[in-house]
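Worksheet: the structure to be examined is printed underneath.
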Amino acid sequence: MISDGVVEDEEKWLSAGIAGLQQNAFHMHRALDSNNLKDALKYSAQMLSELRTSRLSPHKYYELYMRAFDELRKLEIFFKEETSRGCSIVELYELVQHAGNILPRLYLLCTVGSVYIKSKEAPAKDVLKDLVEMCRGIQHPLRGLFLRSYLSQVSRDKLPDIGSEYEGRDADTVMDAVEFVLQNFTEMNKLWVRMQHQGPAREKDKRGKERGELRDLVGKNLHVLSQIEGVDLEMYKETVLPRVLEQVVNCKDELAQYYLMDCIIQVFPDEYHLQTLETLLSACPQLQSSVDVETVLSRLMERLSNYAASGSEVLPEFFQVEAFAKLNNSIGKVIEAQENMPIAGVVTLYASLLTFTLQVHPDRLDYIDQILGACVKKLSGREKLNDSKATKQIVALLSAPLEKYKDIDTALNLSNYPRIMECLNDGTHKEMANVIVQNILKNKTCISTAEKVDALFELIKGLIRDLDGDTHDELDADFIEEQNSVARLIQILHSDDPEEMLKVIETVRKHILTGGRKRLPYTVPPLIFSSLKLVRRLEKQEESVSGDEASTTPKKIFQLVTQTIEALTSIPVPELALGLYLQCAEAANDCDLEPVAYEFFTQAYILYEEEITDSKTQVTSIHLIIGTLQRMHVFGVENRDALTHKATGYSAKLLKKPDQCRAVYACSHLFWLDDHDSIRDEERVLLCLKRALRIANAVQQMANATRGSSGSALLFIEILNKYLYFYEKGVSQITVESIQDLIKLIRNEMQGDASPSDPAADAFLASTLRYIQFQKDKGGAVGDKYMLITD
Amino acid sequence: MNFIVGAFKPACHISVTFSDGKNRKQIPIKKDNGQATTVPLFHSQDNITGTITVEPVSGKKVEHNGIKVELLGQIEMYFDKGNFYDFTSLVRELDVPGEIYERKTFQFEFSTVEMPYETYNGVNVRLSYVENVLGYRYVLKVTISRGYGGSITHFQDFVVWNYTPPPSINNSIKMEVGIEDCLHIEFEYNKSKYAILTQLYFTSPFETKLNCTSCCLLGQRLIAMLILNWNADLSRYHLKDVIIGKIYFLLVRIKIKNMDLEIRRRESTGSGSNTHVETETLAKFELMDGAPVRGESIPIRLFLSPYELTPTCRNINNKFSVKYYLNLVLVDEEDRRYFKQQEITIYRIGETQ
């Protein structure tokens, strides 16, 4: 309510001010038209008196000021004409000073002063000096700022700069221009700062806001300075920067210091900053402790980084001025000086410095480590970081080298890198670990030594194991994603040296075994496969390099693998373990290690018997077993018999009849291997198939009994296919008759009244028959064989 | 009838013509009846020569006991209107007693006349108190003495300006520091402090730039301390001069709204218990807008030419004085006024100087 009232009142005052201004401007125009100097001065002074108000906020005052500004342009033109009509500019300069009120007087003086400089009757520097000095009369911050802003505006194209038409005759003409702008800047800044301290304390925030609106008036001076042609590096170094910094430091105002430092950084060229780094940086620790120095410095480093990135030809400049040392030193000092700087600020600073260093000194890992070290020093000994801003910065800090080098190797060489990771809270640690892993995956970095792997896994331990307090058991999508990444990471670890690779594997194993039940199902398989890959490689090598006395033997690896898989037993994932055992068995088979392979199978069988209780899992497992066993050729007859016997036994014991049937006919393959003459037991193949048929019959009967209708003929068709397979392979026990009988049987089953129509079975049968026909048509030996089958 | 008309009309016209009148500068003045006119300008030590023409109204003779011309320097006190104190009186006899029938001219000459004081017109009659308003003029009085009907007199005004070299610095200039109205009384309590300050102020009278340190005191509280640094010749300015200076704020304990520089004129007439003082503010010039902080310096540049000033007059014939003061006024946010005043001497320099 109250503020509404104030705003309304302000509107009223503004419109009153504008009305007064326009009225006097009207009279002024008439005086201008009739060349009446006296009246023109009188009414312009009255018009400018409207600017004496104290009631408007900066925003509204600006509106009023702009209107007055427009009118003053017209007046300036009039003054110029007046001088060309013979009125002496010097007299005019005196005449406007007769005005009794100071504010209109000074606005008029600046306006005439502008014409005075243009007339070149006096050196620009003298006029400017007088103007800037006289403006001291306005001590009211708002009015003073606008007046000086006006002065700056009318004078900016009339500075005695080098190459300007107002250039002075003496050598240090630029100095005069600089001196003028600097003085105006200093005074404006003083007024601006003073604004904060005047008026009631309760409106402090409001004043802060209002000052924010005015900051560009002050900053503009710096911009003007940067535009002066004559300000070369030398002058910037010797005069401009020290003077500006002096003002910035001495004003002791938070808002001003922050804004002006940023201004300096933004308006002057990069190479100037580089050459005056020391001076600029030395100001930073002297700023008020509440100033956001970290942002200021970050911006500076950002600029320098971009400058460095602009081309390699500028890099020598950086080396020459020892930019890194200076920045590093200065950051240390700032952090020291500002005791209550939030940790986020500290990290921001180091992150910026790091970015800078990566850009300028990509080859100096020691610098980077130094930065990280400093950061560790600051971070250690306190609570783990929980500030979200700080953690974000830390992640940025740690990610920067990875992105730059695209190579975790480099990061692993940084001794302080893991130490920073130590300081992170669990969430952040995990996040960072993820970043690292993703980086490796993206860049396909090859990490080939056990030592590095060890360091890496230590680094990403947030992903590898539960950290304190991280006990939630849910497997959310993120977790699965993370673990999959780890799995991929394990896959790409590679060393050409088998011995080293074994070490790598051992190291990884050491780490992942700490991962707990949640992680092992994700991490063990890739490790196993990685190990098996090594085994296969060794196998190949052994063939080429015989008699190698390597300590890395498949046996040893298998031992390790066994132990690893055993770790899974603590978690109820028997089907996974079983699959892995079978994989290992196959690998052992390839290495001709019969006992090992047998051992793996034994383990798999034990798991099957003891752990796998779910019927569906049993089905898939038994098929796995059968499939694997079928390919094993390393076993002697005895071992093989034992294993196949067991497998068929398991098959027959499955819970559901159809499953039994399918498992049993699958077992038939165990007795017939195409490429191994030793394993061709026609009798047992037939036995299996017959047994399957029996079971299929039983299924039909059961269906009849329970539902009153026969079940699908699908199982029969499947068995028919097996028959055809073996018939084709030349198993003599499979006779044409038996096939024809089977087909007949199937037809009967399908045509029976009670049988339900099953499109899948129909299609299956149709395509099976089509196959038979196809083989007949093909001719040749096989065709001849098929010709014997008649429906 | 003619006789009656003739009795109320002057019997003759008298006119005065200065021999170099055409070359002399004409100065606008305001006559008693409010009409503006211009009169010639003379300086001290000038020769005042010319002709006086007496022309009887047609067909009449003027019988007289002698004609004389007097050069009078007169002070007219308005509270004592009509009474003139002549401080200069020179007489030239123009004619022996006789009769004038027709137009007759007489030459006159006052050579190297000492006219030490300048013409001065005081405060506007209509606006001031009659008793202490004064006028001060030079006049030529032509008198035709007659035995009957009274003498015929004619006054011819002229203006005297004296260009003077800059007056020597008066080291005993006093500075008055005060606070208007009731606050003044409180200030009086602190006379000892004030004395210390004045002492401080006069420690180095021979400096070309004299620093005027002053403290404005409110009760027991020191509210502001500032140094006034005027142009080199302290406290003396010619009529077209510019007051240049700087004010340094050493200490500010009040919220100053603005600061003005005023030029005040003080006319004092009479002496002793009959002294009448009239003060008027001729110029009010804003020097500063807003509140300065410690260490600020504010420039002063005040052109005197736009204001109607006259040279300072001190104790003219024990009758009157005209003095000028610079008054620095600080106004705080509650519109309290703090001021310090300092006399300045104003003098006239030649046009060419």
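Over all distinct alpha-carbon pairs, what is the Kirkwood Rh of the range A:57-147 in angstrom?
Numbers: mean 1/r = 0.0727 Å⁻¹.
This gives a value of 13.8 Å.
Using Cα pairs closer than 8 Å and at least 6 residues apart in sequence, work out the relative contact order for the range A:29-156, in percent. Display every interim value, and only then the final one.
Details: 94 pairs, mean separation 31.2, N = 128.
Relative contact order of the range A:29-156: 24 percent.
Mind running the shape call on the range B:42-118? Use the C-alpha gyration tensor, a ≥ b ≥ c as the square roots of the eigenvalues: rounded below 1.5 for a/c, prolate if a/b tops b/c, oblate otherwise.
It is oblate, given that a/c is not under 1.5 and a/b is not larger than b/c.
For the peptide A:87-96, the mean number of other protein chain Cβ atoms found within 10 angstrom of a residue's Cβ is 1.
Pairs A:LYS74/B:LYS255; A:LYS556/A:LYS653; A:LYS377/A:LYS461; B:LYS22/B:LYS104; A:LYS378/A:LYS404: which exceed 27 Å Cα-Cα?
Working: A:LYS74/B:LYS255 37 Å; A:LYS556/A:LYS653 36 Å; A:LYS377/A:LYS461 22 Å; B:LYS22/B:LYS104 22 Å; A:LYS378/A:LYS404 24 Å.
Checking Cα-Cα distances, A:LYS74/B:LYS255; A:LYS556/A:LYS653 exceed 27 Å.
Counting other C-beta atoms within 10 Å, and keeping those with at most 13, which DSSP coil GluC sites (Glu not before Pro) do you find in the range A:336-443? The qualifying sites are A:GLU339, A:GLU383.
Other residues whose C-beta falls under 13 angstrom from the C-beta of A:TRP192 contribute a net charge of +3, scoring Lys and Arg +1 and Asp and Glu -1. Mind jotting down the distance between the C-alpha centroids of the range B:283-353 and the range A:184-228, whole Å? That distance is 34 Å.
In percent, how large is the relative contact order of chain A, given Cα pairs closer than 8 Å and 6 or more residues apart?
Details: 912 pairs, mean separation 35.6, N = 791.
4 percent.
Could you tell me what fraction of 2.2 N^0.38 Å the Cα radius of gyration of the range A:181-306 comes to, as a two-decimal ratio? Kindly include the intermediate steps, with their values, before the conclusion.
Working: Rg = 14.5 Å, N = 126, 2.2 N^0.38 = 13.8 Å.
Output field value: 1.05.
Helix A:637-652 versus the longest principal axis of chain A: what is the Cα-based angle in degrees, 0 to 90, to the nearest 10? That works out to roughly 80 degrees.
What does the extension gain come out to for A:GLU728 and A:THR706, with contour length at 0.36 nm per residue minus their alpha carbon separation? Present the calculation step by step, with values, prior to reporting the outcome.
Values: separation 22, 0.36 × 22 = 7.92 nm, distance 3.73 nm.
Length difference between fully extended and current span is 4.2 nm.
Averaging sequence separations of C-alpha pairs under 8 Å and six or more residues apart, then dividing by the length of the range A:576-707, give the relative contact order as a whole percent. Please list the in-between numbers first.
On the way: 137 pairs, mean separation 25.9, N = 132.
Value for the range A:576-707: 20 percent.
Using a cut-off of 27 Å between Cα atoms, the listed pairs A:LYS209/A:LYS252; A:LYS533/A:LYS729; B:LYS141/B:LYS240; A:LYS444/A:LYS533; A:LYS444/A:LYS555 include A:LYS533/A:LYS729; B:LYS141/B:LYS240; A:LYS444/A:LYS555 as exceeding that distance.
Assuming R0 = 25 Å, what is the FRET efficiency of A:ALA766 and A:THR790, from their Cβ-Cβ distance, to the nearest 0.05? Could the numbers behind the result be given before it?
Numbers: r = 17 Å, r/R0 = 0.69.
For R0 = 25 Å, the calculated efficiency reads 0.90.
Peptides A:8-15, B:64-71 ordered by packing proxy, namely the average of other Cβ atoms within 10 Å per residue, highest first: B:64-71, A:8-15.
Each label point was placed 7 Å from the Cα along the Cα-to-Cβ direction; for B:LEU282 and A:GLU133 their separation is 2.6 nm. Per-residue mean of foreign Cβ neighbours for A:97-103 is 6 (Cβ atoms of other chains, 10 Å radius).
Evaluated at q = 0.15, 0.16, 0.24 Å⁻¹, the base-10 log of the normalised Debye intensity for the range A:164-217, with identical point scatterers placed on the Cα atoms, takes the values -0.56, -0.60, -0.89.
Given R₀ = 25 Å, FRET efficiency for A:ARG631-A:LYS540 by Cβ-Cβ distance, to 0.05? Each step should come with its number before you reach the end.
Values: r = 19 Å, r/R0 = 0.75.
That pair, A:ARG631 with A:LYS540, gives E of 0.85.
If you add up the charges near A:LEU300, with Lys and Arg at +1 and Asp and Glu at -1, over every other residue whose beta carbon is less than 12 angstrom from its beta carbon, what do you get? Let's see the in-between values first.
Values: positive: A:ARG299, A:ARG303, A:LYS326; negative: A:ASP262, A:ASP270, A:GLU294, A:GLU302.
Cβ neighbours under 12 Å give a net charge of -1.
Here the calculated FRET efficiency for A:HIS27 and B:GLN35, from their Cβ-Cβ distance with R0 = 56 Å, stands at 0.95, rounded to the nearest 0.05.
Relative protection proxy for B:327-339, A:507-519, from highest mean packing down: A:507-519, B:327-339 (other beta-carbon atoms within 10 angstrom).
Each part reduced to its alpha carbon centroid, the range B:84-106 and the range A:721-791 end up 171 Å apart. Taking label points 7 Å from Cα along the Cα-to-Cβ direction, A:LYS38 and A:SER54 give a separation of 3.5 nm. Which of the three applies to the range A:1-90, rounded, prolate or oblate, going by the alpha-carbon gyration tensor with a ≥ b ≥ c and a/c under 1.5 meaning rounded? Here the range A:1-90 falls in the prolate category. Using a simple spin-label model with pseudo-atoms 7 Å out from Cα toward Cβ, A:SER738 and A:ALA122 lie 12.6 nm apart.
Can you give the average number of partner chain beta-carbon atoms within 10 Å of each beta-carbon in peptide B:289-301, as a whole number?
6
Across all C-alpha atoms in the protein assembly as shown, the radius of gyration and Dmax reach 56.8, 192 Å. Rounded to whole Å, the principal axis extents of the Cα atoms in the range A:636-713 read 48, 20, 15, largest first.
Throughout, read-outs are computed from the coordinates displayed, never taken from laboratory work. Keep in mind the model is a prediction, meaning the values are calculated, not measured. Heads up, the Cβs are rebuilt from the backbone with ideal geometry, glycines too, and the neighbour counts pull from every protein chain shown.
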